[in-house]
Amino acid sequence: VQLQASGGGSVQAGGSLKLSCAASGRTIRFSVMGWFRQAPGKEREFVAAIKWDGSTTYYADSVKGRFTISRDNAKNTVYLQMNTLKPEDTAVYFCAVKNGGSWPGMSSADFGSWGQGTQVTVSS
């Protein structure tokens, strides 16, 4: 499967962005999907994950209450709605397919099919 993240941009603190992750090559409707981010000089970190049917989600503490992960299996797409953005949210955001491990499995080692990310820049 190939994943393409889009929707990033530059916003001021307190603003919102909605990221999309479009999958091609095969369906992701039965897969757990995740969003990660990587800031300059830092390791890639978990942001959010969603089960195959969208019934269950999980968030990193740093984004809980501000970000919402969702999916549209008919469109083979996963989304990340980001509200009340902070400068510390600045990073390249990636989506990925969970390949193993238990739920929620926040390790990037449990995910794969990393595509090109999308840059999110939040200014103060």
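The values are calculated or read from the model by the stated rules, or taken from the named source; none is laboratory data. What you see is a predicted model, and the numbers here were worked out from it, not measured in a lab. Positions of Cβ are generated from backbone atoms using ideal geometry, with glycine treated the same way; all protein chains shown enter the neighbour counts. Ligands, DNA and RNA are stripped out before the accessible areas are found, and what is left, the full protein with its side chains, is counted by its heavy atoms. Shrake-Rupley method; radii C 1.70, N 1.55, O 1.52, S 1.80 Å.
Brief remarks follow.
- Only the Cβ atoms of Lys and Arg (+1) and of Asp and Glu (-1) were treated as charged; on that basis the dipole of the chain about its Cα centre amounts to roughly 240 debye.
- Rounded if a/c under 1.5, otherwise prolate or oblate - the chain, Cα gyration tensor axes: prolate
- Our coupling estimate for the range 7-17, obtained by passing each phi through the Karplus curve with A = 6.51, B = -1.76, C = 1.60 and θ = phi - 60°, is x, x, x, 10, 9, 7, 3, x, x, 9, 9 Hz, Gly and Pro reported as x.
- Summed side-chain charge close to Val92 - residues other than Val92 whose Cβ falls under 13 Å, Lys, Arg +1, Asp, Glu -1: 0
- Net charge contributed by nearby residues that have their C-beta within less than 13 Å of Ser113 (K/R +1, D/E -1): +1
- Placing dummy labels 7 Å off each Cα toward the beta-carbon, the span from Gln119 to Ser102 is 4.0 nm.
- Mean separation of Cα contacts under 8 Å, 6 or more apart, over the residue count of the chain: relative contact order %: 36
- Packing-based ranking, highest mean first, of 6-17, 91-102 given that Cβ atoms within 10 Å are counted: 91-102, 6-17
- Spatially close lysines, pair count over the range 1-91: Cα under 25 Å, gap of eight or more or interchain: 10
- Ordering Gly65, Ala91, Gln81 by the projection of their Cα atoms onto the charge dipole of the range 18-108, which places +1 on the Cβ of Lys and Arg and -1 on the Cβ of Asp and Glu, puts Gln81 at the extreme positive end.
- At a probe radius of 1.4 angstrom, the accessible area of the chain per residue rounds to 49 square angstrom.
- Here the chain exposes an accessible surface that is 47 percent carbon and sulfur, computed with a 1.4 Å probe and the other protein chains kept in place.
- Trp103, Trp35, reordered so the largest accessible area comes first (probe 1.4 Å): Trp103, Trp35
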